[in-house]
Amino acid sequence: MLKPFSTPIYVTQPLLPDLIKYNCLLRKIWKAKWLTNMLGPCHHVLETKLSQYLKVPHLSLFNNGTNALITAIQALDLTGEVITTPFTFAATPHSLVWNHLQPVFVDIDEASLTMNPSKIEAAITKKTTGILGVHVFGNPCDVTSIKQLAQTHHLKVVYDAAHAFGTTVLGQGIGNYGDITMFSFHATKLFHTAEGGALTYQDEQFKDKLYYLKNFGIKNEEEVITVGSNGKMNEIQAALGLAVLELVAEEMKARQKILKLYQQRLSNQPGIIFTQITNQNESQSFQYFVIRIDSQLFGQTRDQVYVKLRRYHVYARKYFYPLCSRYQCYRHLPSSAPNNLPIATKIAQQVISLPFYGRLTPNQVNRICDIILKKEI
Ligand SMILES: *Cc1c(COP(=O)(O)O)cnc(C)c1O
């Protein structure tokens, strides 16, 4: 007899550092009496440590990922239309509209769930100035084809790498591809600062530009040189980041074990498809564990599995259903028509994100799999 879990199981649990460790860092901040404005004891150290970890030449911290993405797009001076994916979190297309740009949705590739390059090419018009790709679930976009397209058509490339912290492609940190890449450090992400984010880039000229854009455009006491916003990461966030960063390696190891167990239990089950691709040239991000349910083969729909899990107090999530193209604010766009997005439309009906964090026990994972595989709905 399967019993419901006595306490609810959510898709993730934030990494929480030892309070004594965190307190040590807070003490430094208290001593310096400097809480924000990028000059305290933690901000600079975190920027340096993260550029090393992500293997990128330049990195700028932000107060959250969405603000970072909005600022990246602003820094690239895009106009008109930007091609993007509907299979992502709301922040991706919103960041375009905050910059008065029109999102143009294109369909995704069935294996990687990232934008299909041939669909990108077909969607380029005279108004297109950029491509906004998402390394969804840590699966890298086809960065080589996208680079080629961008060169041919003189487009800028921005990547949303909110799911791809630590992912590498051909030995390179994923933040090295495109003009600018955004990482999110929201509490639900593997590495986090409660709220936070960063931009990475090759071209050093973005350093100052992004600095002004996230600090009101203030150059010095008497000069304001651009219409900047407030995107600064504060010291309390940066300190949390420093403490959490020390836990990341161990968390990844723990998640690797959980991933293996899920794979053992759920592979070779008709109608269950894994969504994380593991190419030889790429490394995993261990951000999410997402499966697809093919209802014909599995005998139950994704929604039936979702409800079944809830009855046992397992709160799986339907990432990413509905597609962004179905939101009220975007459904009127010509590119939002479901027949323009057949693969994304199908996938959105099939995906379910399962609990995935280091403190899950093998017993809990086994019970979650028992519930999923249970014949009765
Ligand atoms: C988490 C996330 C964001 C936004 O990050 P915040 O730091 O919460 O603003 C953007 N895009 C994707 C795909 C995300 O998962």
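Some notes on this structure:
- Long pairs among Lys260/Lys308; Lys147/Lys232; Lys127/Lys207; Lys49/Lys126; Lys147/Lys189; Lys49/Lys308, criterion Cα-Cα beyond 32 Å: Lys49/Lys126; Lys49/Lys308
- FRET efficiency, 1/(1 + (r/R0)^6) with R0 25 Å, evaluated for Lys253 and Asn363 via beta carbons: 0.85
- Distance in nm between pseudo-label sites at Glu121 and Ser145 (7 Å out along the Cβ direction from Cα): 0.8 nm
- Anisotropy class of region 1-148 from Cα gyration tensor, a/c 1.5 cut: oblate
- Inter-part distance where region 2-45 and region 257-305 are each reduced to a Cα centre, Å: 31 Å
- Over the chain, Cα pairs under 8 Å with separation of 6+ residues give a relative contact order of 23 percent.
- Charged-residue dipole, Cβ positions (Lys, Arg, Asp, Glu), region 286-351 about Cα centre, Debye nearest 20: 180 debye
- Those trypsin sites (Lys or Arg not before Pro) in region 313-377 that DSSP places in a loop and that have at most 15 other beta carbons within 10 Å: Arg331, Arg359, Lys374, Lys375
- Ligands, DNA and RNA are left out, and with a 1.4 angstrom probe the accessible area of the chain is 47 Å² per residue.
- In a DSSP loop and with at most 16 other Cβ atoms within 10 Å, the chymotrypsin sites (Phe, Trp or Tyr not before Pro) in region 138-238 are Phe216.
- Amide H to amide H, with H built 1.01 Å from N, Lys232 comes under 5 Å of Asn63, counting only residues 5 or more places away or on other chains.
- Here the contact order of region 122-263, divided by its residue count and restricted to Cα pairs under 8 Å and six or more residues apart, works out to 15 percent.
- Three-way shape label, the chain, alpha-carbon gyration tensor, a/c 1.5: oblate
- Prolate/oblate/rounded call for region 34-73, Cα gyration tensor, a/c under 1.5 rounded: oblate
- Here the chain has 53 percent of its accessible surface on carbon and sulfur atoms, given a 1.4 Å probe and all protein chains in place.
- Loop-located trypsin sites (Lys or Arg not before Pro) in region 1-108 (DSSP state not H, G, I, E or B) with no more than 13 neighbouring Cβ atoms inside 10 Å: Lys33.
- Separation of region 119-151 and region 160-237, taken as the distance between their Cα centroids, equals 21 angstrom.
- In the chain, the calculated helix contribution to ellipticity at 222 nm averages -10500 deg cm²/dmol per residue, counting -39,500 (n - 2.57) for every DSSP H run with n ≥ 4.
- Longest exposed-site-free window of the chain, the sites being GluC sites (Glu not before Pro) in a DSSP loop that have at most 15 other C-beta atoms within 10 Å: 247-375
- Working from Cα pairs under 8 Å separated by at least six residues, relative contact order for region 241-295 is 34 percent.
The values are calculated or read from the model by the stated rules, or taken from the named source; none is laboratory data. The shown structure was predicted, so the numbers you read here are calculated from the model rather than taken from an experiment. Please note: Cβ atoms are built from the backbone with ideal geometry, for glycine as well, and neighbour counts cover all protein chains shown. Only protein heavy atoms, including side chains, enter the accessible area calculation; ligands, DNA and RNA are left aside. Shrake-Rupley method; radii C 1.70, N 1.55, O 1.52, S 1.80 Å.
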